[in-house]
Each structure stands twice: as C-alpha cells, then as structure tokens.
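Please read the structure below before turning to the comments.
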Amino acid sequence: MFDGIARRYDVLNRVLSFGQDVSWRRRALGRLVPGGSVLDVGAGTGDLALAASAAGARPVVALDLAGGMLERARRRPGGERLEYVIASAEALPFADAIFDAVVAGFAVRNFGDLARGASEMRRVLRPGGRAVIVELSLPANRLVRGVHLVYLHLGAPLIARAFGSTPEAYRYLPASIERFPEPEQFARVLRDAGFARVRFERLTFGVATIHVGEA
Ligand SMILES: C[S@@+](CC[C@H](N)C(=O)[O-])C[C@H]1O[C@@H](n2cnc3c(N)ncnc32)[C@H](O)[C@@H]1O
C-alpha cells in the first residue's frame, strides 16, 4: 500500500495534518542525544532519517518494507548520505546492540506484530541508547476525540481523493489509528519489550504522541 502512495505521500502528510507532522517530527528528534548512529524503522520517504543525518548523526540507516518509499528518500537532498535497507521491523537484519538510537515516525501503527517490532528495536540498541517513536493517536478528551474521528473518517479520505490518492489508503488511516493501543497501553508494550524509563508526551490535543524508552 505504501509503495502505491509513495509519490503523493509527502504532500498528503502535510495537507492532512495541516503541516503539523513537520513539527511533531522535529519535536521527536529533539528527544535524541545528538550524534551517534541512528536506525529509522519504517523510514518511508526519509523525513526523520534525513533530519537526523542533517543534525550530524552517522551512520543513519533508513529501513522499510516498501522499496518505493525508500527510493523517494534516496532522491531527496541528503539522501546520498543515508544507508538503505529493505526489511521488516519484526526481523531487523542487524546484530544486537549496535545503534545509539532508534526512531520510528508514524510506522509502528502499521506493524504486523507490535510486540515483536518493539523487542527488535530494543535488541539493536546499545546499552543507554534511546528509542523515540512518534505515532498518530486519539485525543483523550471525548469531545475532541469525536471531532477528530469525524475528520479522519470523512474529511481525510475526501482530501486524499482530491490529491489523487486511492480511497482505500486513506480509509486505512482511521482504522489503523483506532486499533492502535492507547498511549498508556503502548508504554506497557515498550516496558514488556525491555525498555526502561518509558514515557510519552501527547501533541496537538493528543492527535499524535511521542514515546521514549531507553535500553
Ligand atoms: C506512514 S509511513 C511513515 C514514513 C516516515 N517514517 C514518516 O515519518 O513519514 C509508514 C512506513 O512504515 C513502513 N512499514 C510499515 N510496517 C512496516 C514493517 N513491519 N517493517 C518495516 N516497515 C514498515 C511502511 O512501508 C511505510 O513506509
């Protein structure tokens, strides 16, 4: 599905989030200790990986199941500095404890096996390393959640269609957000995967959440 929307993915991201996705990613990257090696899991078109690389992280590995998404990242400015791996987050093709940081932007919601993906992220982190995960979520306030769900189910598919995307891809969006664990539950998944000092921060009324855990 992501290969199918790769060409329009960046524009749709900006439009559907009213530009907020840029500041959510910036805030997530602000949680990283500067320098060192970074693995971006579900890197897609490379927004987080490219920003980490521009901030001085080396090496930066962009990993994704969708080669078409990574191909977009490769063609962007700075894309030549990244390393690319087509693989599944649930079976990372790396030795234990080799990355200083792992990041994931709007990717973990799509994993087939969330617990497995979380423990793989934990496994490849060096002791003291940090995982920073930013993901779409539902606001805690019932009224705001209701309004947001109307937007996700009705507004977002309409906008996506206007930008030439397949309606299925943006019907998938609300479904995947609704079935993703609440932030408290996802924090438990991270703890069960072996992360320490797990914490989260809700952004923009809770429509996105940053999770941090340490190895
Ligand atoms: C919504 S995009 C996010 C892309 C990018 N991280 C960003 O911040 O815009 C989700 C990406 O995760 C990838 N993905 C989903 N499940 C995956 C998995 N199990 N293993 C690796 N990549 C996965 C998809 O192919 C897609 O490129």
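Miscellaneous remarks
- Test: residue in the stretch 119-133 that is within 13 Å of the ligand (Cβ to nearest atom), modelled with pLDDT of 95 or more and either assigned to a strand (DSSP E or B) or over 26 Å from Ala196 (Cα atoms) (or both): yes
- Taken residue by residue, the stretch 109-117 has no member that is on the phi < 0 side of the Ramachandran plot and without any contact (Cβ under 8 Å) to a residue 12 or more places away in the chain.
- Subset of the stretch 84-101 [away from the ligand (no atom under 12 Å from the Cβ) and of a type in the set (A, V, I, L, M, F, W, C)]: Phe94, Ala95, Ala97, Ile98, Phe99, Ala101
The values are calculated or read from the model by the stated rules, or taken from the named source; none is laboratory data. Here the structure is a predicted model, which is why all the values come from computation and not from measurement. All Cβ positions, even for glycine, are placed from backbone atoms using ideal geometry, and neighbour counts span all protein chains on display.
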